[in-house]
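Have a look at the structure below before the remarks.
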Amino acid sequence: MGRVEEIAHWAAELEPGDLPEDVTELCRAQRRSVLAAVAASVRDSATRRVLDAVDAWGGEGPAPLLLGHRTASVEDALFAACACSISLDFDDYCCFGHTGHSAVLVPLLLSAETQSSVLEQIVAQVIANEVGARLGGACLLGPLNGQLWSFLHAASAALAAGRLLGLEGERLGHALAIALTDSPRPTVPGFMAPDSKLLTAADPSVAGLRAARLAAAGVTGPLDVLDHPQGFLDAFSFAPLPGMLDGLGEAWATRTLTIKPYPGCAYLDTTVDALLEIGPFTGIDEIERVTVVAGLLTCGMDAMSSRYASIDPTPVTVNFSVPWNVAIVALAGRLTAEEVSSDWLTSHRDELAELASRVRLRHDWSCTSATARAFGPVVPARAVVADVGIRRLITALGRLRSQHRPIVFTRADVLTLLRQRGDGLGRAMAGARFLSSEAIGGFQMTFPARVEVQLRDGSVRRAAASQPRGGAGNPICGPADVAREKFAGCAPLLWGAQGTRAIDRAISDDDPRLLTLLSHARI
(Lines give C-alpha, C1' and ligand atoms only; values in the text may rest on other atoms or scores of the structure.)
Protein backbone atom coordinates (compact mmCIF):
# COMPACT_ATOMS: atom_id res chain seq x y z
CA MET A 1 0.00 0.00 0.00
CA GLY A 2 1.43 3.40 -1.02
CA ARG A 3 1.31 6.60 1.02
CA VAL A 4 -1.85 7.91 -0.65
CA GLU A 5 -3.68 4.68 0.12
CA GLU A 6 -2.38 4.62 3.71
CA ILE A 7 -3.58 8.19 4.29
CA ALA A 8 -6.94 7.50 2.65
CA HIS A 9 -7.63 4.35 4.64
CA TRP A 10 -6.77 6.15 7.89
CA ALA A 11 -9.08 9.02 6.93
CA ALA A 12 -11.91 6.68 5.97
CA GLU A 13 -11.69 4.68 9.21
CA LEU A 14 -11.26 7.52 11.73
CA GLU A 15 -14.20 7.73 14.14
CA PRO A 16 -15.32 10.45 16.56
CA GLY A 17 -14.39 8.20 19.48
CA ASP A 18 -10.81 8.07 18.22
CA LEU A 19 -10.31 11.80 18.79
CA PRO A 20 -8.75 12.95 22.07
CA GLU A 21 -10.97 15.47 23.83
CA ASP A 22 -8.34 18.23 23.65
CA VAL A 23 -8.09 17.77 19.88
CA THR A 24 -11.86 18.09 19.54
CA GLU A 25 -11.81 21.21 21.73
CA LEU A 26 -9.06 22.74 19.59
CA CYS A 27 -11.26 22.16 16.54
CA ARG A 28 -13.99 24.20 18.20
CA ALA A 29 -11.43 26.96 18.85
CA GLN A 30 -10.37 26.76 15.21
CA ARG A 31 -14.01 27.15 14.13
CA ARG A 32 -14.25 30.33 16.19
CA SER A 33 -10.99 31.60 14.72
CA VAL A 34 -11.90 31.04 11.08
CA LEU A 35 -15.41 32.45 11.46
CA ALA A 36 -13.96 35.47 13.28
CA ALA A 37 -11.57 36.02 10.38
CA VAL A 38 -14.48 35.84 7.94
CA ALA A 39 -16.41 38.43 9.96
CA ALA A 40 -13.36 40.69 10.30
CA SER A 41 -13.12 40.94 6.51
CA VAL A 42 -16.56 42.58 6.19
CA ARG A 43 -14.97 46.05 5.88
CA ASP A 44 -12.27 44.99 3.42
CA SER A 45 -12.66 46.43 -0.07
CA ALA A 46 -10.79 43.58 -1.78
CA THR A 47 -13.09 41.09 -0.08
CA ARG A 48 -16.12 42.94 -1.41
CA ARG A 49 -14.71 42.85 -4.95
CA VAL A 50 -14.26 39.07 -4.78
CA LEU A 51 -17.75 38.63 -3.33
CA ASP A 52 -19.25 40.79 -6.07
CA ALA A 53 -17.65 38.49 -8.63
CA VAL A 54 -18.96 35.35 -6.91
CA ASP A 55 -22.41 36.90 -6.64
CA ALA A 56 -22.37 37.67 -10.39
CA TRP A 57 -21.32 34.22 -11.56
CA GLY A 58 -23.00 32.09 -8.89
CA GLY A 59 -26.37 30.43 -9.05
CA GLU A 60 -28.62 29.22 -6.29
CA GLY A 61 -27.70 26.38 -3.98
CA PRO A 62 -27.93 25.11 -0.40
CA ALA A 63 -24.93 26.85 1.22
CA PRO A 64 -24.92 30.40 2.65
CA LEU A 65 -22.68 33.08 1.22
CA LEU A 66 -21.35 34.12 4.62
CA LEU A 67 -20.94 37.79 3.67
CA GLY A 68 -23.91 37.82 1.31
CA HIS A 69 -27.68 37.85 1.42
CA ARG A 70 -28.39 34.57 -0.33
CA THR A 71 -27.41 30.95 -0.73
CA ALA A 72 -25.27 29.45 -3.47
CA SER A 73 -23.66 26.19 -4.53
CA VAL A 74 -21.25 24.70 -2.01
CA GLU A 75 -18.36 25.41 -4.38
CA ASP A 76 -19.25 29.11 -4.73
CA ALA A 77 -19.93 29.54 -1.02
CA LEU A 78 -16.63 27.83 -0.22
CA PHE A 79 -14.69 30.02 -2.65
CA ALA A 80 -16.18 33.17 -1.13
CA ALA A 81 -15.69 32.07 2.48
CA CYS A 82 -12.03 31.12 1.92
CA ALA A 83 -11.38 34.52 0.34
CA CYS A 84 -12.92 36.16 3.41
CA SER A 85 -10.99 34.08 5.93
CA ILE A 86 -7.59 34.84 4.37
CA SER A 87 -8.11 38.47 3.35
CA LEU A 88 -6.58 40.09 6.46
CA ASP A 89 -4.22 37.18 7.17
CA PHE A 90 -6.18 36.81 10.42
CA ASP A 91 -6.17 33.03 10.45
CA ASP A 92 -4.67 30.17 12.47
CA TYR A 93 -1.97 27.64 11.76
CA CYS A 94 -0.52 24.31 12.82
CA CYS A 95 3.20 23.61 12.98
CA PHE A 96 3.49 23.28 9.19
CA GLY A 97 0.54 24.89 7.50
CA HIS A 98 -2.34 27.36 7.70
CA THR A 99 -4.89 24.59 7.55
CA GLY A 100 -7.96 26.34 8.96
CA HIS A 101 -9.38 27.80 5.75
CA SER A 102 -10.13 24.41 4.21
CA ALA A 103 -10.25 22.34 7.40
CA VAL A 104 -13.10 24.39 8.89
CA LEU A 105 -14.97 25.71 5.88
CA VAL A 106 -15.16 22.60 3.69
CA PRO A 107 -16.94 20.36 6.25
CA LEU A 108 -19.10 23.21 7.52
CA LEU A 109 -20.40 24.37 4.13
CA LEU A 110 -20.62 20.91 2.58
CA SER A 111 -22.91 19.90 5.44
CA ALA A 112 -25.57 22.07 3.81
CA GLU A 113 -25.66 19.40 1.10
CA THR A 114 -24.79 16.22 2.99
CA GLN A 115 -26.59 17.02 6.28
CA SER A 116 -23.57 15.61 8.09
CA SER A 117 -23.65 15.77 11.88
CA VAL A 118 -21.36 18.16 13.74
CA LEU A 119 -19.24 15.27 15.00
CA GLU A 120 -18.80 14.04 11.43
CA GLN A 121 -17.76 17.55 10.43
CA ILE A 122 -15.19 17.69 13.24
CA VAL A 123 -13.75 14.31 12.20
CA ALA A 124 -13.34 15.70 8.67
CA GLN A 125 -11.77 18.86 10.14
CA VAL A 126 -9.23 16.81 12.08
CA ILE A 127 -8.39 14.78 8.96
CA ALA A 128 -7.79 18.02 7.04
CA ASN A 129 -5.59 19.44 9.82
CA GLU A 130 -3.54 16.29 10.28
CA VAL A 131 -2.85 15.62 6.61
CA GLY A 132 -2.47 19.30 5.68
CA ALA A 133 0.09 19.98 8.42
CA ARG A 134 2.09 16.91 7.44
CA LEU A 135 2.11 17.80 3.74
CA GLY A 136 3.51 21.22 4.59
CA GLY A 137 6.17 19.56 6.73
CA ALA A 138 7.05 17.10 3.97
CA CYS A 139 7.82 20.12 1.74
CA LEU A 140 9.59 22.10 4.47
CA LEU A 141 12.85 22.26 2.51
CA GLY A 142 11.35 23.80 -0.60
CA PRO A 143 10.58 27.02 -2.47
CA LEU A 144 7.29 27.72 -0.67
CA ASN A 145 6.43 28.45 2.94
CA GLY A 146 3.49 29.29 5.18
CA GLN A 147 0.36 30.46 3.36
CA LEU A 148 2.08 29.70 0.05
CA TRP A 149 1.77 26.01 0.88
CA SER A 150 -1.66 26.36 -0.68
CA PHE A 151 -1.49 22.85 -2.12
CA LEU A 152 -2.42 21.54 1.32
CA HIS A 153 -5.93 23.01 0.90
CA ALA A 154 -6.49 20.93 -2.22
CA ALA A 155 -5.47 17.76 -0.40
CA SER A 156 -7.28 18.62 2.83
CA ALA A 157 -10.47 19.60 1.01
CA ALA A 158 -10.42 16.40 -1.03
CA LEU A 159 -10.16 14.25 2.08
CA ALA A 160 -12.63 16.24 4.19
CA ALA A 161 -15.18 16.41 1.37
CA GLY A 162 -14.65 12.80 0.37
CA ARG A 163 -15.23 11.71 3.93
CA LEU A 164 -18.55 13.58 4.16
CA LEU A 165 -19.57 12.33 0.72
CA GLY A 166 -19.17 8.77 2.03
CA LEU A 167 -16.15 7.68 -0.01
CA GLU A 168 -14.46 4.48 1.13
CA GLY A 169 -10.69 4.00 1.35
CA GLU A 170 -9.88 3.39 -2.33
CA ARG A 171 -12.21 6.10 -3.66
CA LEU A 172 -10.91 8.51 -1.01
CA GLY A 173 -7.39 7.68 -2.17
CA HIS A 174 -8.30 8.63 -5.72
CA ALA A 175 -9.76 11.93 -4.47
CA LEU A 176 -6.46 12.75 -2.75
CA ALA A 177 -4.46 11.62 -5.78
CA ILE A 178 -6.50 13.81 -8.14
CA ALA A 179 -6.07 16.80 -5.84
CA LEU A 180 -2.30 16.33 -5.57
CA THR A 181 -1.83 15.82 -9.30
CA ASP A 182 -2.78 19.39 -10.22
CA SER A 183 -1.81 21.12 -6.97
CA PRO A 184 -1.34 24.91 -7.16
CA ARG A 185 2.01 26.66 -6.90
CA PRO A 186 1.32 30.33 -6.06
CA THR A 187 3.79 33.10 -6.82
CA VAL A 188 5.17 35.64 -4.36
CA PRO A 189 4.09 38.71 -6.40
CA GLY A 190 0.52 37.43 -6.55
CA PHE A 191 0.42 36.94 -2.79
CA MET A 192 2.21 39.98 -1.38
CA ALA A 193 0.30 42.92 -2.87
CA PRO A 194 -2.72 42.48 -5.19
CA ASP A 195 -6.24 41.20 -4.56
CA SER A 196 -5.16 37.79 -5.89
CA LYS A 197 -3.80 37.02 -2.40
CA LEU A 198 -7.41 36.39 -1.39
CA LEU A 199 -7.63 33.46 -3.82
CA THR A 200 -4.71 31.57 -2.25
CA ALA A 201 -6.88 29.13 -0.30
CA ALA A 202 -10.10 29.57 -2.27
CA ASP A 203 -9.07 28.00 -5.58
CA PRO A 204 -7.30 24.98 -4.02
CA SER A 205 -10.18 24.28 -1.62
CA VAL A 206 -12.70 24.25 -4.45
CA ALA A 207 -10.34 22.07 -6.50
CA GLY A 208 -10.14 19.61 -3.62
CA LEU A 209 -13.92 19.49 -3.29
CA ARG A 210 -14.22 18.83 -7.01
CA ALA A 211 -11.56 16.10 -6.76
CA ALA A 212 -13.76 14.35 -4.20
CA ARG A 213 -16.80 14.66 -6.46
CA LEU A 214 -14.80 13.29 -9.40
CA ALA A 215 -13.59 10.34 -7.34
CA ALA A 216 -17.17 9.68 -6.26
CA ALA A 217 -18.08 9.42 -9.93
CA GLY A 218 -15.33 6.87 -10.52
CA VAL A 219 -12.58 9.11 -11.89
CA THR A 220 -9.11 7.80 -10.98
CA GLY A 221 -5.90 9.50 -9.98
CA PRO A 222 -2.26 8.35 -9.62
CA LEU A 223 -2.18 6.49 -6.32
CA ASP A 224 1.64 6.60 -6.38
CA VAL A 225 1.74 10.40 -6.59
CA LEU A 226 3.42 10.63 -3.14
CA ASP A 227 5.87 7.79 -3.85
CA HIS A 228 6.91 8.37 -7.45
CA PRO A 229 10.31 10.07 -7.94
CA GLN A 230 8.61 12.53 -10.29
CA GLY A 231 5.52 12.91 -8.14
CA PHE A 232 4.13 15.56 -5.84
CA LEU A 233 6.92 15.72 -3.25
CA ASP A 234 9.69 16.09 -5.81
CA ALA A 235 7.74 18.90 -7.52
CA PHE A 236 7.24 20.92 -4.32
CA SER A 237 10.42 20.33 -2.34
CA PHE A 238 14.17 20.59 -2.85
CA ALA A 239 14.58 17.67 -0.45
CA PRO A 240 11.28 15.95 0.48
CA LEU A 241 10.67 14.65 3.99
CA PRO A 242 8.17 11.82 3.38
CA GLY A 243 8.55 10.67 6.97
CA MET A 244 6.42 13.68 7.93
CA LEU A 245 3.42 11.78 6.55
CA ASP A 246 3.78 8.98 9.09
CA GLY A 247 2.17 8.75 12.51
CA LEU A 248 -1.44 9.53 11.60
CA GLY A 249 -3.65 8.65 14.55
CA GLU A 250 -0.65 8.21 16.86
CA ALA A 251 0.44 11.83 17.19
CA TRP A 252 -1.94 14.74 16.59
CA ALA A 253 -0.56 17.73 14.68
CA THR A 254 -3.78 19.56 15.58
CA ARG A 255 -2.27 19.97 19.06
CA THR A 256 0.18 22.48 17.57
CA LEU A 257 -2.71 24.77 16.56
CA THR A 258 -1.99 28.45 17.12
CA ILE A 259 -4.64 31.19 16.84
CA LYS A 260 -3.49 34.60 15.64
CA PRO A 261 -4.51 37.42 18.00
CA TYR A 262 -3.81 40.08 15.36
CA PRO A 263 -4.48 40.41 11.63
CA GLY A 264 -1.18 39.82 9.87
CA CYS A 265 1.60 37.30 9.51
CA ALA A 266 2.28 35.04 12.49
CA TYR A 267 5.89 36.22 12.64
CA LEU A 268 4.67 39.70 13.65
CA ASP A 269 2.73 38.62 16.73
CA THR A 270 5.51 38.72 19.32
CA THR A 271 6.72 42.09 18.02
CA VAL A 272 3.20 43.45 18.49
CA ASP A 273 2.93 41.85 21.94
CA ALA A 274 6.18 43.52 23.03
CA LEU A 275 5.25 46.91 21.57
CA LEU A 276 1.86 46.88 23.29
CA GLU A 277 3.64 46.18 26.58
CA ILE A 278 5.84 49.26 26.03
CA GLY A 279 3.01 51.61 25.01
CA PRO A 280 0.79 53.50 24.84
CA PHE A 281 2.44 56.66 23.56
CA THR A 282 1.16 60.19 23.93
CA GLY A 283 1.85 60.72 20.23
CA ILE A 284 4.07 59.34 17.54
CA ASP A 285 6.10 62.58 17.56
CA GLU A 286 7.65 61.51 20.85
CA ILE A 287 9.21 58.45 19.18
CA GLU A 288 12.75 58.95 17.89
CA ARG A 289 13.45 55.42 16.72
CA VAL A 290 12.16 51.86 17.07
CA THR A 291 14.47 48.87 16.86
CA VAL A 292 13.08 45.35 16.51
CA VAL A 293 15.36 42.37 17.03
CA ALA A 294 13.98 39.06 15.75
CA GLY A 295 14.80 35.72 14.18
CA LEU A 296 15.36 34.55 10.65
CA LEU A 297 11.70 33.86 9.89
CA THR A 298 10.57 37.35 10.90
CA CYS A 299 13.44 39.03 9.06
CA GLY A 300 12.92 36.89 5.96
CA MET A 301 9.22 37.74 5.94
CA ASP A 302 9.94 41.46 6.20
CA ALA A 303 12.62 41.32 3.50
CA MET A 304 10.19 39.58 1.16
CA SER A 305 7.52 42.21 1.80
CA SER A 306 9.76 45.29 1.64
CA ARG A 307 9.37 45.87 -2.10
CA TYR A 308 5.58 45.70 -1.80
CA ALA A 309 5.06 47.75 1.39
CA SER A 310 4.96 51.13 -0.34
CA ILE A 311 3.90 54.63 0.53
CA ASP A 312 0.31 53.64 -0.37
CA PRO A 313 -0.37 50.85 2.15
CA THR A 314 -3.17 48.32 1.67
CA PRO A 315 -4.40 45.55 3.99
CA VAL A 316 -2.42 43.07 1.89
CA THR A 317 0.89 44.96 1.73
CA VAL A 318 1.10 45.76 5.44
CA ASN A 319 0.34 42.19 6.58
CA PHE A 320 4.00 41.14 6.32
CA SER A 321 5.85 44.36 7.14
CA VAL A 322 7.46 44.95 10.52
CA PRO A 323 7.85 48.77 10.06
CA TRP A 324 4.25 49.31 8.94
CA ASN A 325 2.80 47.21 11.76
CA VAL A 326 4.99 48.91 14.35
CA ALA A 327 3.72 52.24 13.02
CA ILE A 328 0.08 51.10 13.16
CA VAL A 329 0.39 49.87 16.75
CA ALA A 330 2.28 52.97 17.90
CA LEU A 331 -0.31 55.27 16.34
CA ALA A 332 -3.51 53.38 17.19
CA GLY A 333 -2.43 51.65 20.38
CA ARG A 334 -3.76 48.36 19.02
CA LEU A 335 -3.86 46.15 15.92
CA THR A 336 -7.36 45.06 14.89
CA ALA A 337 -9.39 44.63 11.72
CA GLU A 338 -10.36 48.29 11.94
CA GLU A 339 -6.75 49.45 11.55
CA VAL A 340 -6.01 46.91 8.82
CA SER A 341 -8.59 48.39 6.47
CA SER A 342 -8.18 50.45 3.34
CA ASP A 343 -10.03 53.45 4.77
CA TRP A 344 -8.01 53.64 7.98
CA LEU A 345 -4.67 53.04 6.28
CA THR A 346 -5.41 55.68 3.64
CA SER A 347 -6.55 58.29 6.15
CA HIS A 348 -3.37 57.81 8.25
CA ARG A 349 -0.99 57.14 5.38
CA ASP A 350 1.41 60.06 5.91
CA GLU A 351 1.74 59.56 9.67
CA LEU A 352 2.28 55.82 9.24
CA ALA A 353 4.85 56.21 6.47
CA GLU A 354 6.84 58.77 8.46
CA LEU A 355 6.95 56.58 11.55
CA ALA A 356 7.66 53.41 9.57
CA SER A 357 10.78 55.11 8.21
CA ARG A 358 12.09 55.29 11.79
CA VAL A 359 11.79 51.53 12.39
CA ARG A 360 14.82 49.28 12.10
CA LEU A 361 14.75 45.49 12.04
CA ARG A 362 17.81 43.50 13.06
CA HIS A 363 18.42 39.76 12.91
CA ASP A 364 19.77 37.99 16.00
CA TRP A 365 20.91 34.37 15.91
CA SER A 366 19.79 33.88 19.52
CA CYS A 367 16.20 34.47 18.37
CA THR A 368 16.61 32.07 15.47
CA SER A 369 18.18 29.54 17.82
CA ALA A 370 15.21 29.77 20.19
CA THR A 371 12.82 28.95 17.33
CA ALA A 372 15.08 26.09 16.29
CA ARG A 373 14.96 24.73 19.84
CA ALA A 374 11.16 24.91 19.80
CA PHE A 375 10.80 23.16 16.45
CA GLY A 376 13.75 20.81 16.90
CA PRO A 377 11.84 17.99 18.59
CA VAL A 378 9.17 17.84 15.86
CA VAL A 379 11.80 18.03 13.10
CA PRO A 380 14.70 16.04 14.57
CA ALA A 381 17.96 16.25 12.63
CA ARG A 382 18.36 12.49 12.67
CA ALA A 383 15.03 12.04 10.90
CA VAL A 384 15.88 14.77 8.37
CA VAL A 385 19.17 13.10 7.47
CA ALA A 386 17.49 9.70 7.27
CA ASP A 387 14.90 11.00 4.77
CA VAL A 388 17.17 13.25 2.73
CA GLY A 389 20.81 12.26 3.09
CA ILE A 390 23.65 14.65 3.88
CA ARG A 391 24.50 15.56 0.28
CA ARG A 392 20.95 16.44 -0.75
CA LEU A 393 20.39 18.28 2.54
CA ILE A 394 23.41 20.52 1.91
CA THR A 395 22.18 21.21 -1.62
CA ALA A 396 18.70 22.04 -0.37
CA LEU A 397 20.10 24.42 2.28
CA GLY A 398 22.07 26.19 -0.45
CA ARG A 399 18.93 26.65 -2.53
CA LEU A 400 17.04 27.94 0.50
CA ARG A 401 19.84 30.39 1.24
CA SER A 402 19.68 31.74 -2.31
CA GLN A 403 16.00 32.57 -1.75
CA HIS A 404 16.76 34.53 1.44
CA ARG A 405 19.58 36.73 0.24
CA PRO A 406 18.60 39.75 2.37
CA ILE A 407 19.50 37.63 5.42
CA VAL A 408 23.11 36.51 5.29
CA PHE A 409 23.58 33.04 6.74
CA THR A 410 26.03 30.29 5.91
CA ARG A 411 26.00 26.53 6.07
CA ALA A 412 28.19 26.84 9.15
CA ASP A 413 25.48 28.92 10.85
CA VAL A 414 22.88 26.23 10.16
CA LEU A 415 25.18 23.43 11.31
CA THR A 416 25.91 25.40 14.48
CA LEU A 417 22.18 25.46 15.22
CA LEU A 418 21.94 21.72 14.62
CA ARG A 419 24.89 20.99 16.91
CA GLN A 420 23.99 23.22 19.83
CA ARG A 421 23.64 21.55 23.18
CA GLY A 422 22.39 24.52 25.17
CA ASP A 423 18.88 24.31 26.59
CA GLY A 424 18.53 20.71 25.47
CA LEU A 425 18.60 21.43 21.71
CA GLY A 426 21.03 18.59 21.04
CA ARG A 427 18.89 16.04 22.87
CA ALA A 428 15.72 17.33 21.22
CA MET A 429 17.21 17.11 17.74
CA ALA A 430 18.40 13.54 18.26
CA GLY A 431 14.97 11.92 17.95
CA ALA A 432 14.23 9.43 15.22
CA ARG A 433 10.68 10.40 14.19
CA PHE A 434 8.98 13.51 12.89
CA LEU A 435 6.00 14.84 14.85
CA SER A 436 6.22 12.24 17.59
CA SER A 437 3.54 12.38 20.26
CA GLU A 438 6.18 13.24 22.87
CA ALA A 439 7.50 16.14 20.81
CA ILE A 440 4.03 17.49 20.08
CA GLY A 441 3.10 17.18 23.75
CA GLY A 442 5.93 19.52 24.73
CA PHE A 443 5.73 21.83 21.73
CA GLN A 444 5.62 25.60 22.26
CA MET A 445 5.18 27.94 19.29
CA THR A 446 8.10 30.36 19.60
CA PHE A 447 9.06 33.41 17.51
CA PRO A 448 11.11 35.65 19.85
CA ALA A 449 11.27 39.41 19.37
CA ARG A 450 12.78 42.26 21.34
CA VAL A 451 11.57 45.83 20.85
CA GLU A 452 13.37 49.00 21.89
CA VAL A 453 11.71 52.40 21.58
CA GLN A 454 13.94 55.43 21.94
CA LEU A 455 11.96 58.57 22.78
CA ARG A 456 12.95 62.10 21.90
CA ASP A 457 13.29 63.01 25.58
CA GLY A 458 16.23 60.59 25.71
CA SER A 459 14.45 57.79 27.56
CA VAL A 460 14.31 54.23 26.25
CA ARG A 461 11.56 51.65 26.68
CA ARG A 462 12.19 47.95 26.12
CA ALA A 463 10.13 44.77 26.08
CA ALA A 464 10.43 41.24 24.72
CA ALA A 465 8.08 38.41 23.85
CA SER A 466 8.81 34.84 22.88
CA GLN A 467 5.59 32.82 22.74
CA PRO A 468 2.75 34.57 20.92
CA ARG A 469 -0.59 34.91 22.66
CA GLY A 470 -2.74 32.12 21.30
CA GLY A 471 0.31 30.02 20.60
CA ALA A 472 0.44 26.27 21.10
CA GLY A 473 1.91 25.52 24.50
CA ASN A 474 1.47 29.07 25.80
CA PRO A 475 0.74 28.49 29.51
CA ILE A 476 -0.81 31.94 30.07
CA CYS A 477 -2.94 32.62 27.00
CA GLY A 478 -3.42 29.60 24.76
CA PRO A 479 -5.27 29.11 21.48
CA ALA A 480 -8.71 28.53 23.02
CA ASP A 481 -8.45 31.78 25.00
CA VAL A 482 -7.49 33.87 21.99
CA ALA A 483 -10.10 32.18 19.79
CA ARG A 484 -12.86 33.24 22.18
CA GLU A 485 -11.44 36.77 22.45
CA LYS A 486 -11.09 37.03 18.69
CA PHE A 487 -14.59 35.73 18.02
CA ALA A 488 -16.15 38.04 20.60
CA GLY A 489 -14.39 41.02 19.05
CA CYS A 490 -14.96 40.30 15.35
CA ALA A 491 -18.16 38.26 14.98
CA PRO A 492 -20.51 41.16 15.90
CA LEU A 493 -19.34 42.96 12.75
CA LEU A 494 -21.23 40.36 10.74
CA TRP A 495 -23.74 38.70 13.02
CA GLY A 496 -24.48 41.34 15.67
CA ALA A 497 -24.20 40.87 19.42
CA GLN A 498 -27.15 38.51 19.76
CA GLY A 499 -26.16 36.42 16.76
CA THR A 500 -22.58 36.21 18.03
CA ARG A 501 -23.73 34.81 21.37
CA ALA A 502 -25.97 32.27 19.63
CA ILE A 503 -23.18 31.13 17.29
CA ASP A 504 -20.70 30.87 20.14
CA ARG A 505 -23.09 28.64 22.09
CA ALA A 506 -23.72 26.54 18.98
CA ILE A 507 -19.98 25.94 18.54
CA SER A 508 -19.58 24.98 22.21
CA ASP A 509 -22.60 22.63 22.12
CA ASP A 510 -21.94 21.11 18.67
CA ASP A 511 -25.37 22.42 17.72
CA PRO A 512 -26.46 21.27 14.23
CA ARG A 513 -28.14 24.66 13.70
CA LEU A 514 -24.76 26.43 13.40
CA LEU A 515 -24.92 26.80 9.63
CA THR A 516 -28.43 28.26 9.83
CA LEU A 517 -27.25 30.80 12.40
CA LEU A 518 -24.34 31.78 10.17
CA SER A 519 -26.72 32.54 7.32
CA HIS A 520 -28.26 35.40 9.32
CA ALA A 521 -25.61 37.97 8.51
CA ARG A 522 -26.39 41.62 9.28
CA ILE A 523 -24.86 43.45 6.31
With the condition being at pLDDT 60 or above, in contact with a Gly (Cβ under 7 Å, 6 or more places away or on another chain) and outside the structural domain of Thr256 (by TED's automatic domain parsing), I'd like the helices (runs of 4 or more DSSP H) fully within segment 372-425 carrying at least 1 qualifying residues. 381-388
Going by the structure shown, is Ser369 within 30 Å of Ser41 (Cβ to Cβ) and in the same structural domain as Leu297 (by TED's automatic domain parsing)? no
Going by the structure shown, is Ala133 in contact (Cβ under 8 Å) with a residue 40 or more places away in the chain, within 27 Å of Ser436 (Cβ to Cβ) and not assigned by TED's automatic domain parsing to the domain that holds Ile390? yes
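Would you check which residues across segment 354-374 are of a type in the set (S, T, N, Q) and either farther than 26 Å from Val318 by Cα or surrounded by fewer than 18 Cβ atoms within 10 Å (Cβ to Cβ) (or both) and list them? Steps first, answer last, please.
Looking only at segment 354-374, we keep the residues that are of a type in the set (S, T, N, Q), and these are 357, 366, 368-369, 371.
Of everything in segment 354-374, those that are of a type in the set (S, T, N, Q) and either farther than 26 Å from Val318 by Cα or surrounded by fewer than 18 Cβ atoms within 10 Å (Cβ to Cβ) (or both) turn out to be Ser357, Ser366, Ser369.
Which ones in segment 67-97 are among the charged types (D, E, K, R), touching a residue at least 24 places away in the same chain (Cβ under 8 Å) and buried (at least 22 other Cβ atoms within 10 Å of the Cβ)?
Residues of segment 67-97 among the charged types (D, E, K, R): 70, 75-76, 89, 91-92.
Those still in the list that are touching a residue at least 24 places away in the same chain (Cβ under 8 Å) too: 75, 89, 91-92.
Asp89, Asp91, Asp92, listed by residue number.
Residue by residue, here is whether (1) touching a Ser or Thr at 6+ places or on another chain (Cβ under 6 Å); (2) assigned by TED's automatic domain parsing to the domain that holds Thr371; (3) among the acidic types (Asp, Glu) holds:
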position	(1), (2), (3)
Asp457	no, yes, yes
Gly473	no, no, no
Asp481	no, no, yes
Phe487	no, no, no
Gln498	no, no, no
Asp504	no, no, yes
Asp511	no, no, yes
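Taking helices (runs of 4 or more DSSP H) that do not extend beyond segment 2-66, which have at least 1 residues that are small (Gly, Ala, Ser) and crowded, with 23+ Cβ neighbours inside 10 Å? Even if it seems obvious, please write down each step before you answer.
Details: elements: 3-13, 21-40, 45-57.
In segment 2-66, 3-13, 21-40 are the helices (runs of 4 or more DSSP H) which contain 1 or more residues that are small (Gly, Ala, Ser) and crowded, with 23+ Cβ neighbours inside 10 Å.
Restricting to helices (runs of 4 or more DSSP H) lying wholly in segment 470-523: which have 2 or more residues that are of a type in the set (Lys, Arg)? Don't jump to the end; show me each part of the working.
Details: elements: 479-490, 492-509, 514-518.
Filter on segment 470-523 gives 479-490, 492-509.
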Condition check for Ala177: at pLDDT 95 or above, touching a helix residue (DSSP H, G or I) at 6+ places or on another chain (Cβ under 7 Å) and more than 23 Å from Cys27 (Cβ to Cβ): yes
Name the single residue that is farthest from Ala103 (Cα to Cα) among those in segment 214-233 being crowded, with 19+ Cβ neighbours inside 10 Å and not aliphatic (A, V, I, L, M). Gly231
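The values are calculated or read from the model by the stated rules, or taken from the named source; none is laboratory data. Here the structure is a predicted model, which means the values were calculated and not measured. Note that we place each Cβ from the backbone using ideal geometry, even for glycine, and neighbour counts take in every protein chain shown.
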